[in-house]
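Single-structure report; data block below.
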Amino acid sequence: MTIQTFPDYDTLSQHTAEHIAALVHQKPDAVLCLASGDTPTGAFHRFVALAQAGQVDVSRSTFVGLDEWVGFGPDDTGSCSNYVYRDLFRPLGLRADQIHTFDAKADDLAAECSRIDALIDSRGGLDLLLVGMGMNGHIALNEPGTPFTNGCHVVDLAESTITVGQKYFDKETALTQGITLGLRHLTGAHDVILLVSGAKKGPTLREALTGPVTEQVPASIVQTRSNVRVWIDADAGRLL
């Protein structure tokens, strides 16, 4: 892994957007998996601006959803897919055939996992995986204790994830499980960015980057990968 610290969130977001644009310019048919949530929103807005200005063409690219709350979908405010549709997919004007997200309302969630696994594997792995890090060190919805070798899977959510997840909803919402890419897709991706912003993530980030590599801190897996870029703002890196 390499670590790069940026002075503030805006600079971090702009750099990330420009990196994604450069990757798509180099490989127009790239397969991209970009996390939802608060941290990547700034990068999404800047990437969309680049696309709308004609500086990057995403018409041949494929976008894969990272994770979703079980029982929720793109039309549900607060869902993971609702965020990426709102902030990225719709503003980019993507066609339906370019988007592959989990159907977290499906009767057969195992089949959904197999479908996304097969898609990624058929393309030789993700060209870019952009992820954040949860307060308990999770990446995507790979909670502490999840095997690093897992592909897509359904997970019982940790209490801390359920609590933090409430911020995405306008009223208290029952969250129990998630469906998510597994960490084998991180180890198989050609380019990985771990994006972390804010002082509150500082203690967990220090543990993930300088502590032992352990499944109890899923983000610690980045220590084992030479192609992972850990991009953080100064607030998040204050304890490093």
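Worth pointing out:
- Yes/no for PHE102 being in contact with a helix residue (DSSP H, G or I) (Cβ under 8 Å, 6 or more places away or on another chain), surrounded by 17 or more Cβ atoms within 10 Å (Cβ to Cβ) and part of a strand (DSSP E or B): no
- Summed over region 135-161, the residues that are at positive phi and of a type in the set (A, V, I, L, M, F, W, C) give a count of 1.
- Residues of region 114-147 that turn out to be in contact with a strand residue (DSSP E or B) (Cβ under 6 Å, 6 or more places away or on another chain) and part of a helix (DSSP H, G or I), as a count: 1
- Only one entry of SER122, SER114, SER79 meets the criterion of being farther than 13 Å from PHE63 by Cβ, under 18 Å from the mean Cα position of the chain (by Cα) and among the hydroxyl-bearing types (Ser, Thr, Tyr), and that entry is SER79.
- Flag set for GLN223, criterion: assigned to a helix (DSSP H, G or I) and at pLDDT 95 or above.
- Number of positions in region 183-240 that are farther than 30 Å from LEU119 by Cβ, surrounded by fewer than 23 Cβ atoms within 10 Å (Cβ to Cβ) and hydrophobic (A, V, I, L, M, F, W, C): 5
- Every residue from region 83-97 that is without any contact (Cβ under 8 Å) to a residue 24 or more places away in the chain and outside any loop (DSSP other than H, G, I, E, B): TYR85, ARG86, ARG90, ALA96, ASP97
- Taking region 2-82 as the region of interest, the strands (runs of 3 or more DSSP E) fully inside it that hold 3 or more residues being modelled with pLDDT of 95 or more and in contact with a Leu (Cβ under 6 Å, 6 or more places away or on another chain) are 31-34.
The values are calculated or read from the model by the stated rules, or taken from the named source; none is laboratory data. Bear in mind the structure is a predicted one, so any value in this text is a computation, not a measurement. Here Cβ is always computed from backbone atoms with ideal geometry, including for glycine, and neighbour counts include all displayed protein chains.
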